[in-house]
Amino acid sequence: MTLLAVGINYNTAPITIRERLAFPKNALEPSLKTLWDNHNIKGAAILSTCNRTEFYCQTEDNDTDTLVQWLSNNKQIKVAEFTPYLYSHTDSQSIRHMFRVACGLDSMILGEPQILGQMKTAYQAAYEAGTLGKHLGKLFQHTFSTAKKVRTDTAIGSSPVSVAFAAVQLAQQIFDSLSDQTALLIGAGETIELTARHLHQNSIGRLIIANRTYDKAHALASQFDGYAIELSEIPSHLAEADIVISSTASQLPILGKGRVESAIKKRKHRPMFMVDLAVPRDIEAEVEQLRDVYLYTVDDLQNTIDQNMDSRRKAAEQAEEIIDTQVEHFLSWVRSQGAQSVVKDFRQQAELIRDEILAKALNSLNNGNSAEDVLNRLAYTLTNKLTHTPSSQIRDAGANDRHDIVAAAREIFKLK
């Protein structure tokens, strides 16, 4: 039995290929069922994100051709169009690959935590489709526990490496509690969406989102219990904001020194924390001269991010050591499964002997023999039956100079 990990990711394939091989969440279960119909596939799961599509399979042998052909048919794409971008791993390397992916060590942003949730989605879809199989199901469980251990024992995810996360973390350092603060976000793009998400997760008291297009602002604000306004309404709300974070594509500043100064006066000089994530800048540089205003640019945060990336790289080295250990633990479990059938057969044989001797003992009791005699006879016969075959095999091994078998018997039966 072989464990396979086959796929493409942001390193090996352009987005034009990745989007053609992507599986939306609602397509995972039916796709898995058709993949399962191939007789060579004994277990299957699909991980599909914007940065990767990967197949984790258990097969009779190292057979990637079945998977490749199925993928070609499923996605209506010629084999030659995507195989140059594929990578594949088998057995210990496939186990290591799954662990590294789940821990964020193979991600575009080192140590990013979202991939673990996406891995759990892949597991759940395979579980519901009934395509996991024993070994693959166990591998997923071991993958999750390994990722948890890496998160707990290293600093891989403790330092922010996105400007949005860094901005929110800086706000937390300035204010004792975000639950008492109002945040004004300017823009409605990906960076502002991520910022809104981080603020919402950290229990921001009130959220206002301003954008040139009101509908976009409203759509984003509604996700996070926020309030939407147009850019033209900013002067009316700026004094309410304890936190201002801006990221637009405007070629001209949106907030000037005079407007911010007026807002500070209305706030009776309560401090205002401002982060300008835009290039060109959304907030005039002169705003920094104002008292009670703490203005940071994307360059200020980048220094923090660079330091944090160094920290994550060091943590990643620790994570690799943990993964090495966990791979060996899982391989030990796999190897132990090869002995399971022997254990099962041995127990069944012992139980048959037990049942046979017990039946004779019960019959003897029914015939009026004393309980003491019956028990003595049962113990003697059971011991004799259980030890006869091993004893005979050990004697034959000794006669044939099979000292390895004799030594193994001493170890198996824990003989002094």
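The values are calculated or read from the model by the stated rules, or taken from the named source; none is laboratory data. Everything numeric here is computed off the predicted structure, so don't read it as measured data. Cβ placement follows ideal geometry from the backbone for every residue including glycine, while neighbour counts extend to all protein chains displayed.
Remarks
- Glu351 satisfies every condition listed in (1) part of a helix (DSSP H, G or I); (2) touching a helix residue (DSSP H, G or I) at 6+ places or on another chain (Cβ under 8 Å) except (2).
- Number of residues in region 290-327 that are under 30 Å from Ile95 (Cβ atoms) and in contact with a Pro (Cβ under 7 Å, 6 or more places away or on another chain): the value is 1.
- Taking region 154-174 as the range and being polar (S, T, N, Q) and more than 22 Å from Arg100 (Cβ to Cβ) as the test, the residues that pass are Gln169, Gln172, Gln173.
- For Ala188, the requirement of being at pLDDT below 95 and touching a strand residue (DSSP E or B) at 6+ places or on another chain (Cβ under 7 Å) is met.
- In region 195-212, residue farthest from Val275 (Cα to Cα) [restricted to those that are among the polar types (S, T, N, Q) and in contact with a strand residue (DSSP E or B) (Cβ under 8 Å, 6 or more places away or on another chain)]: Asn211
- For region 330-345, the criterion of being touching a Lys or Arg at 6+ places or on another chain (Cβ under 9 Å), of a type outside the set (Ser, Thr, Tyr), surrounded by 16 or more Cβ atoms within 10 Å (Cβ to Cβ) and modelled with pLDDT of 90 or more is met by at least one residue.
- Comparison of Glu261, Glu240 shows that the only residue that is surrounded by fewer than 19 Cβ atoms within 10 Å (Cβ to Cβ), of a type in the set (Asp, Glu), in the same structural domain as Asp180 (by TED's automatic domain parsing) and out of contact with any Ser or Thr (no Cβ under 9 Å at 6 or more places or on another chain) is Glu261.
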